[in-house]
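Shown next, in structure tokens, is the structure this report addresses.
Every number in this text was worked out from the coordinates using simple rules, so none of it is lab data. Predicted, not measured: the structure shown is a model, and the values here were computed from it. Neighbour counts run over all protein chains shown; Cβ positions are idealised from the backbone, glycine included.
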Amino acid sequence: MEDWRVALITVLSVLGGIAVAGALSEIYLRLTAAKFDVRDKHCYVTGGSQGLGKSVAQDLARRGAHVTIVARREAVLKEALAEIKAVAQSPKQQKFEYVIADVTDREETVRAIGEAVDRQGKPIEYLFCVAGLSNPGIFIEQTTSTLQQVMDINYTGTLNTVHEVAKRMVDGKIRGGHLVMVSSTLGFFGLIGYSGYCASKFAIRGLAEALRVELQMYGIHVHCYFPGTIYTPGYETENLTKPQITKDIEGADEGMSPEKCSAGLFRGLARGEFAIATDPISVLFRCSTRGTMPNNNFVLDTFISAIGWIALTPWRMFVDYSVKSYSASKKKTE
Ligand SMILES: NC(=O)C1=CN([C@@H]2O[C@H](COP(=O)(O)OP(=O)(O)OC[C@H]3O[C@@H](n4cnc5c(N)ncnc54)[C@H](OP(=O)(O)O)[C@@H]3O)[C@@H](O)[C@H]2O)C=CC1
Ligand SMILES: CCCCCCCCCCCCCCCC(=O)[C@@H](N)CO
């Protein structure tokens, strides 16, 4: 046979093999995906009064779930609950409640969960820990209490809620429950201006990874969402203290509406994904930092991680260079 033919057949066989492996990986994920059907189930959403949490609560309402939202400000909760009810699949059958709690307070969190279960008359089977905030700034210019606050709300708030709900699921012998935690693209890598926030979102990833493994004992499914920029009230607030260099670097991320993020999150949950990312940058970092997290598609994720392997080093060098010149230019103007 002529050489070019041998080469062509070899290349085609390799590509064909990769495509088959990719398809098999996809079939494996579909076959092993845990059932995700919220219809007639009690779903509990922290931070459900605005931003991403409200969009998640609305998507749950559209799917026929009984929804409880949790936050601190009652007026905002009330208004959101009306908007959530308005999109319900069958408004007469579905129940909608709100409970007031500061998730950083363990007792309040436990009380709120008890209240929600009593009012709904149903145990929680689907939990979404969305409550969180970001208060960016330059590390040494921030106080340790500011840096601790973001850890308290994002990490400890998630911990308190997940702990109580997981215990109740096990005690109530509820199998097939789902726990969804919200990290961030910044749960994958560290960025200037986000020291406290990155720590809190890495912590959530760690908790989610460990619980994914451990709670299999009880048939409880764990997921972690890693969104990029979302246009929400929280985003407006964080921009008030965000250093300019942070804004410049994250400008590469286009940002998404909370509705789009929620739709993507539900797609990932239905596919049975553990680590869910809904924008290209977060997918790149998810694949590049996957460690022992389950793959969403082994072949595709490996291919994307190869792109990260090549592209992230020059990008990081560019960021490091910008940070060094930023401090230099700051000194000049002092
Ligand atoms: N916006 C973004 O760009 C990104 C956001 N994320 C994450 O997504 C999640 C949602 O963000 P987003 O929608 O922007 O946030 P918002 O600030 O718009 O909304 C936050 C929600 O959480 C509630 N909440 C805040 N603190 C507490 C608390 N201590 N106890 C109870 N409820 C609380 C708020 O209500 P109330 O104040 O009344 O308590 C509100 O309902 C967060 O975990 C955030 O870190 C991740 C990546 C990007
Ligand atoms: C070739 C490689 C290219 C890589 C480009 C990377 C660009 C960096 C984008 C950073 C996005 C940060 C989103 C933060 C969202 C968030 O959690 C905060 N808004 C807090 O709420």
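Put simply, when 57-63, 166-172, 324-330 are sorted by average Cβ atoms within 10 angstrom per residue, most first, you get 57-63, 166-172, 324-330. For segment 90-122, trypsin sites (Lys or Arg not before Pro) meeting the loop criterion (DSSP other than H, G, I, E, B) and having at most 11 other Cβ atoms within 10 Å: Lys92. Whole-percent P(r), segment 26-333, all Cα pairs, 20 Å bins from 0: 33, 57, 10, 0. Using only alpha carbon pairs under 8 Å that are at least six residues apart, calculate the relative contact order of the chain and give it in whole percent. Rounded, it is 17 percent for the chain.
Sites listed here are GluC sites (Glu not before Pro) in segment 210-255 whose DSSP assignment is loop and whose Cβ has at most 11 other Cβ atoms within 10 Å: Glu254. When Ile230, Ile69 are sorted by how many other C-beta atoms sit within 10 angstrom of their C-beta, beginning with the fewest, the order is Ile230, Ile69. Taking 0.36 nm per residue of sequence separation and removing the Cα-Cα distance, the Asp102/Ala311 pair yields an extension gain of 71.1 nm. Look at Glu83, Glu107 and count the other Cβ atoms within 10 Å of each Cβ; fewest to most, that gives Glu107, Glu83.
Only helices reaching 30 angstrom along their own axis (Cα) with mean Kyte-Doolittle hydropathy no lower than 1.0 count here, and for the DSSP H runs of the chain these are 3-32.
Pairs of lysines in segment 192-334 whose Cα atoms sit within less than 23 Å of one another amount to 13, provided the residues are eight or more positions apart or on different chains. In straight-distance terms, cross-link reach from Lys78 covers every one of the lysines whose alpha-carbon lies under 18 Å from its own, apart from those fewer than eight places away in the same chain; here that gives Lys54, Lys95. Inter-part distance, segment 224-295 to segment 58-85, computed on C-alpha centroids, equals 23 Å. Rounded to whole Å, the principal axis extents of the Cα atoms in segment 191-260 read 46, 27, 20, largest first. With 0.36 nm allotted per residue and the present C-alpha distance subtracted, the Arg62-Glu26 stretch has 10.2 nm of extension available. Cβ crowding within 10 Å, taken as a proxy for footprinting-reagent exposure, orders Val87, Val11, Val130 from fewest neighbours to most as Val11, Val87, Val130. Charging the Cβ of each Asp and Glu at -1 and of each Lys and Arg at +1, and nothing else, the dipole of segment 26-333 about its Cα centre rounds to 380 debye. Computed from the C-beta positions of Val11 and Glu254 and an R0 of 51 Å, the FRET efficiency is 0.90 to the nearest 0.05.
Dividing the summed -39500 (n - 2.57) terms of all DSSP H runs of n ≥ 4 by the residue count of the chain sets its mean residue ellipticity at 222 nm at -18000 deg cm²/dmol.
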